[in-house]
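The block underneath contains the structure these notes are about, expressed in structure tokens.
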2 protein chains.
Amino acid sequence: MKIPPVKGTRDFYPEQMRIRNFIIDGWKAASLRNGFEEYDGPIFEHLQMYQVKSGDEIAEQLFSLTDRGGRELAIRPEITPTLARMVNQKINSLPRPIKWFSVPRLCRAERPQKGRLREFFQWNVDIIGVDDPLADAETIFCALDYLLQVGLTANDIVVKISSRKMLAQVLEAIGIEQKQLESVYAVLDKRNKVPDETFEQMLKGCIGDSAKRAQVLGVMSIKSLEEIASVVKMNDRLAPAIDDLKKLFETLGVMGVGEFCEFDIGIVRGLAYYTGIVYEIYDKGAELRAIGGGGRYDDLLKTFGGPAIPATGFGIGDCVLEILLAKKGLLEKQSSGGKRIDCFVAYAAEQFKSKAVEITAGLRRKKISADFSYKGGNLGKQLKEASSQNAAMCIIIGSEIENGDLVVKDMVTGEQRTVKEDEFFASL
Amino acid sequence: MKIPPVKGTRDFYPEQMRIRNFIIDGWKAASLRNGFEEYDGPIFEHLQMYQVKSGDEIAEQLFSLTDRGGRELAIRPEITPTLARMVNQKINSLPRPIKWFSVPRLCRAERPQKGRLREFFQWNVDIIGVDDPLADAETIFCALDYLLQVGLTANDIVVKISSRKMLAQVLEAIGIEQKQLESVYAVLDKRNKVPDETFEQMLKGCIGDSAKRAQVLGVMSIKSLEEIASVVKMNDRLAPAIDDLKKLFETLGVMGVGEFCEFDIGIVRGLAYYTGIVYEIYDKGAELRAIGGGGRYDDLLKTFGGPAIPATGFGIGDCVLEILLAKKGLLEKQSSGGKRIDCFVAYAAEQFKSKAVEITAGLRRKKISADFSYKGGNLGKQLKEASSQNAAMCIIIGSEIENGDLVVKDMVTGEQRTVKEDEFFASL
């Protein structure tokens, strides 16, 4: 009976696994050097958790299930609600700021397409307890630190930044009501993601008044922070929102990554819980979907029953990133890598196989990666197997072993030497 | 609104995450040095996959769900069926033997108790394509290589080994029919796991004849391989099964781990798909559940629509293992570890904060883990924060920076020196 894999999921054969590990190891290393600590939560949570504040799009894409106890659960489509829950649970004992990262496996029942799968990995980096654009800058820097370290440059990527707080003030000045904001955000978020006609239809659906709609479209074509003052009247809530953005850009400059960052009023984000600065990272030319995105979500902990504590962070998935890295030739070493061991133990005849097994076991106990051939066969064949495993060294066991001698072959230079077994192990 | 975590799951705060990473990193390192390559599959598969051959116990513990397309899925309770599916899919292009490992997250709807959770991680190591006890020995060695490297000794752990093939012949000799075997295995597997009375009741349920039952109980009290010949007649299927076990023990001796391994006819394993050698790893004294177990499953690939290819492997979960490691004091470093960075950047006054941010960013770009204080405050406070992050070094930015100088403090010796900023960065 042949059973296929589930649509939209991936099988990670060793070749794909090497690429996944390369990406995730890079994320972890960047997080740690930026002063973040790793956390994780369960693969599923109570369904309700994702119905509260994530927004309709996520709620529609849930893989939900009912357990034997009748509990309604869902496989996590994102980890931020879990983060909010975990921080709330220990809010009094966690020293702040909380600088945490995670690399959760997430599932969303989307239509599988290029860069979007039903199961993926997402790098999450968050700072909780800091109400200062410096924290937003630090998370953006952390993302860029990874992207640059992996080999991307300012020719490849751009961080597009805006602010929900600012946008809320601008929309309010146009006459959009507070209660409409969430649905307007959801539509504006689609501006660069759907055809113009579809976008205008969607906008019509949530803003009936055509004059207001035209004004919204006008605002969305603004190219710089400075232009805002020319289209809407400044007030004491709009000005601080603009100041936050200015401070953010200034700090990104101090951090040396200013050239990667630009203002883009079209960045709104799909999730409902963002409250301030928001951003998305794109390949330059924006041929692909967003590599990742994030922003400030100052109300989320309170929504989940905790105190009002400011928070900001981002998520970067592995699917679009992998497409971009492959396109830029930055995965070649991983794709072609193959198995890589320190030492292959070959045996000149079947009678020496047991000794080869013993030596292999001894090497492994010394923390040296080692392997041998099950089939054996002539030495040439075994040396070929050693090469295919990229062995750095080969030990050959033949009749010399009767005098306690091993033949050690350097697989790079081809050089061979004979050495006493006990001396060889003592030298390791 | 406060939403609790789901029963039987774990939240991994940084402290718990350090322990999880310590365990999993050890598994990965041991696998690699034993010549295994990493793979992984999706978190869910078609439900059917676990109803075929895993046995009733697993099938009853599934977290199953129906997706929007009406597909019946289940979160994976084990990864072996996925392994069989993946190998079958590429059977003609994969060089053999296939030596693969994985560290899947698994879910089982069990009653949560000590060492058993509804969500856990399991180290899986398998060799596919080798019909020789040498392969079983190599997987057992790999498990022991990890357990010893992490600090356990022959005083702490034991591998109990038997053979389903042997047991089948012995049971057949007693008069148990082939078609009863699977249910008898399931009961025998419980012998050391439930009270004697419960066990006898269960046995009554599947073997009606009391004389046969007494014989089965007699066989189950055998203490050595040699005794088998004294209770049942040798035949040409029983003899090879015993020979396989003898060869296994001999090879484990050659590998230098004989002292950890013993014959135990009570080892049967719960999963339905085992066909030959089976084993379980216990803490000595067996105060805890099995740390892990495995064996040969030569028919599984065929069951999943592939060719008949021999296979053997084990799984070790993280829950019981963590309890044992904690009990033996082998997790103290991880529990008390805390955050650990290379360099903390302090600033003597608010006016130097921006410079501190710049220096921190510069260090991170040089792959040095670095952090600074959001709050600032007096230097003493910041140095305390540096200590709490286990910083190896501290850079102090004060008025010296006006001459381009940094103060660098070694946090171990307490020694301080002044160095030009550009020279400092050039030296990294």
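The values are calculated or read from the model by the stated rules, or taken from the named source; none is laboratory data. Note that this is a predicted model, so its numbers are computed, not measured. Glycine also receives a Cβ, built like all others from the backbone with ideal geometry; neighbour counts cover every protein chain displayed.
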Would you be able to tell me the number of residues in the stretch A:382-398 that are in a helix (DSSP H, G or I) and in contact with a strand residue (DSSP E or B) (Cβ under 9 Å, 6 or more places away or on another chain)? 5
Hits in the stretch A:83-100 - residues which are more than 13 Å from B:D11 (Cβ to Cβ) and buried (at least 23 other Cβ atoms within 10 Å of the Cβ): A:K99
If you go through the stretch B:1-47, how many residues are under 30 Å from A:E358 (Cβ atoms) and facing chain A (nearest Cβ under 7 Å)? 7
Which is within 16 Å of the chain's Cα centre (by Cα) and either under 26 Å from B:M393 (Cβ atoms) or facing another protein chain (nearest Cβ under 7 Å) (or both), of A:F63, A:F101? A:F101
Do we have any residue at all in the stretch A:332-343 that's assigned to a helix (DSSP H, G or I) and among the hydrophobic types (A, V, I, L, M, F, W, C)? no
Name the pairs: first residue in the stretch A:245-256 and more than 7 Å from chain B (Cβ to nearest Cβ), second residue surrounded by fewer than 17 Cβ atoms within 10 Å (Cβ to Cβ) and not in a helix (DSSP H, G or I), Cβ to Cβ under 9 Å, at least 6 apart or on different chains? A:F249/A:E262
Which of (1) touching a Cys at 6+ places or on another chain (Cβ under 8 Å); (2) within 14 Å of chain B (Cβ to nearest Cβ) is the odd one out, the single condition A:V184 does not satisfy? (2)
Return yes when A:L144 is at pLDDT 95 or above, in a helix (DSSP H, G or I) and surrounded by fewer than 22 Cβ atoms within 10 Å (Cβ to Cβ) and no when it is not. no
When you scan the stretch A:68-77, how many residues do you find that are surrounded by 18 or more Cβ atoms within 10 Å (Cβ to Cβ) and part of a loop (DSSP other than H, G, I, E, B)? 2
Among the residues of the stretch B:91-105, write down those that are in contact (Cβ under 8 Å) with a residue 40 or more places away in the chain and assigned to a strand (DSSP E or B). B:K99, B:W100, B:F101, B:S102, B:R105
Filter the stretch A:397-409 down to residues that are over 17 Å from A:L428 (Cβ atoms) and in contact (Cβ under 8 Å) with a residue 40 or more places away in the chain and give me whichever is surrounded by the fewest Cβ atoms within 10 Å (Cβ to Cβ). A:S399
Which numbered condition B:Q51 misses (of (1) under 18 Å from the mean Cα position of the chain (by Cα); (2) more than 7 Å from chain A (Cβ to nearest Cβ); (3) not aromatic (F, W, Y)): (1)
Checking the structure you have, find out if any residue of the stretch B:59-67 is buried (at least 18 other Cβ atoms within 10 Å of the Cβ) and of a type in the set (G, A, S). no
So how many residues does the stretch A:275-304 have that are touching an Asp or Glu at 6+ places or on another chain (Cβ under 9 Å) and of a type in the set (D, E)? 3
Residue set B:T251, B:T275, B:T198; condition over 27 Å from A:G362 (Cα atoms) and surrounded by 17 or more Cβ atoms within 10 Å (Cβ to Cβ); output residue B:T275
Kindly check whether there is at least one residue in the stretch B:228-244 that is surrounded by fewer than 18 Cβ atoms within 10 Å (Cβ to Cβ), among the acidic types (D, E) and in the same structural domain as B:I128 (by TED's automatic domain parsing). yes
Of everything in the stretch A:31-55 that's out of contact with any Asp or Glu (no Cβ under 9 Å at 6 or more places or on another chain) and not in a strand (DSSP E or B), which residue is surrounded by the most Cβ atoms within 10 Å (Cβ to Cβ)? A:M49
Quick check, is A:A326 closer than 30 Å to A:G276 by Cα, free of Cβ contacts under 8 Å to residues at least 40 places away in the same chain and in the same structural domain as A:D25 (by TED's automatic domain parsing)? no
Being acidic (D, E), within 30 Å of B:L144 (Cα to Cα), free of Cβ contacts under 8 Å to residues at least 40 places away in the same chain and at the interface with another protein chain (Cβ under 10 Å from one of its Cβ atoms) narrows it down to one residue among A:E350, A:E385, A:E358; which is it? A:E358
Quick one: count up the residues across the stretch A:104-136 that are within 8 Å of chain B (Cβ to nearest Cβ) and among the β-branched types (V, I, T). 1
Tell me the residue from A:R118, A:R68 that is under 16 Å from the mean Cα position of the chain (by Cα), over 30 Å from B:R364 (Cα atoms) and not hydrophobic (A, V, I, L, M, F, W, C), please. A:R118
Regarding the stretch A:327-339, can at least one residue be identified that is surrounded by 12 or more Cβ atoms within 10 Å (Cβ to Cβ), within 12 Å of chain B (Cβ to nearest Cβ) and not charged (D, E, K, R)? yes
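Okay, residues lined up against (1) in contact with a Lys or Arg (Cβ under 8 Å, 6 or more places away or on another chain); (2) at pLDDT below 90:
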{"site": "A:V187", "(1), (2)": "no, no"}
{"site": "A:I222", "(1), (2)": "no, no"}
{"site": "A:A229", "(1), (2)": "no, yes"}
{"site": "A:M234", "(1), (2)": "no, yes"}
{"site": "A:F249", "(1), (2)": "no, no"}
{"site": "A:G266", "(1), (2)": "yes, no"}
